[in-house]
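Note sheet for the following structure.
The values are calculated or read from the model by the stated rules, or taken from the named source; none is laboratory data. Remember, it's a predicted structure, so these values are computed and weren't measured experimentally. Don't worry about glycine lacking a Cβ; one is built from the backbone with ideal geometry, like all the others, and counts go over all protein chains shown.
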Amino acid sequence: MKGFLSTCLILAILLTGCQAAEKPQEKAKGPTELPVIDRMALEETKKIAKENRRVDEVAAVTLKDELYVGLKVTNFNRFFLRSIRKDVHGRLKDQFPERAVHVTTDSKLFDDLSRLEGRIRENPWGMDREDLKRKLYKIHEDMKG
């Protein structure tokens, strides 16, 4: 009888200990907040950057009062990266004095900005503002070093 009782007790402990725990309920997500996208400013930015004949392609992303611009420069024109950045930055700063302008000619950062711009352009509601801020902050940090 003791053996049967101890076996039942062990079996009961094992069954209650091995039950699947209830998953905590996730927060109900409200409508995602649309990142502040100024399409007119982006088009104007691209037009201004392309005025420099050494720039092949332009990728631009804006968030509130910040403007991130990636320039694709190829071949012999790569010898003039610093002057190209300075020229485009100056023109953009004159056009958008209220915004913080960040310009890069790094090809990896250009690709990142181009991908980010494409994601925003195809589905502006699909991107969370915090996610966009995080990605742009990483690009900004990579521009520095």
**Report entry** Among the candidates ASP56, ASP111, residue that is surrounded by fewer than 15 Cβ atoms within 10 Å (Cβ to Cβ) and in contact with a Lys or Arg (Cβ under 7 Å, 6 or more places away or on another chain)
**Finding:** ASP56
Query - Search result, residues across region 40-75 that are of a type outside the set (S, T, N, Q), part of a strand (DSSP E or B) and in contact with a Leu (Cβ under 9 Å, 6 or more places away or on another chain) - result: GLU57, VAL58, ALA59, ALA60, VAL61, LEU63, GLU66, LEU67, TYR68, VAL69, GLY70, LEU71
Query raised in the report: In region 71-102, what count of residues is obtained for those that are closer than 15 Å to ALA41 by Cα and not acidic (Asp, Glu)?
Result: 12
Report task. Could you tell me which residue of region 114-135 is surrounded by the fewest Cβ atoms within 10 Å (Cβ to Cβ), considering only residues that are part of a helix (DSSP H, G or I) and without any contact (Cβ under 8 Å) to a residue 12 or more places away in the chain? Result -> GLU122
Query raised in the report: Is it fair to say LEU67 is buried (at least 19 other Cβ atoms within 10 Å of the Cβ) and farther than 18 Å from ASP111 by Cβ?
Result: yes
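Return the only residue of ARG78, ARG85 being part of a helix (DSSP H, G or I) and either surrounded by 13 or more Cβ atoms within 10 Å (Cβ to Cβ) or in contact with a helix residue (DSSP H, G or I) (Cβ under 7 Å, 6 or more places away or on another chain) (or both).
ARG85
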Report task. Return only the number of the condition from (1) outside any helix (DSSP H, G or I); (2) surrounded by 14 or more Cβ atoms within 10 Å (Cβ to Cβ); (3) of a type in the set (Asp, Glu) that GLU98 does not satisfy. Result -> (2)
**Report entry** Pairs, first at pLDDT 95 or above in region 72-91, second surrounded by fewer than 12 Cβ atoms within 10 Å (Cβ to Cβ), C-beta under 8 Å, six or more apart
**Finding:** ARG91/GLU51
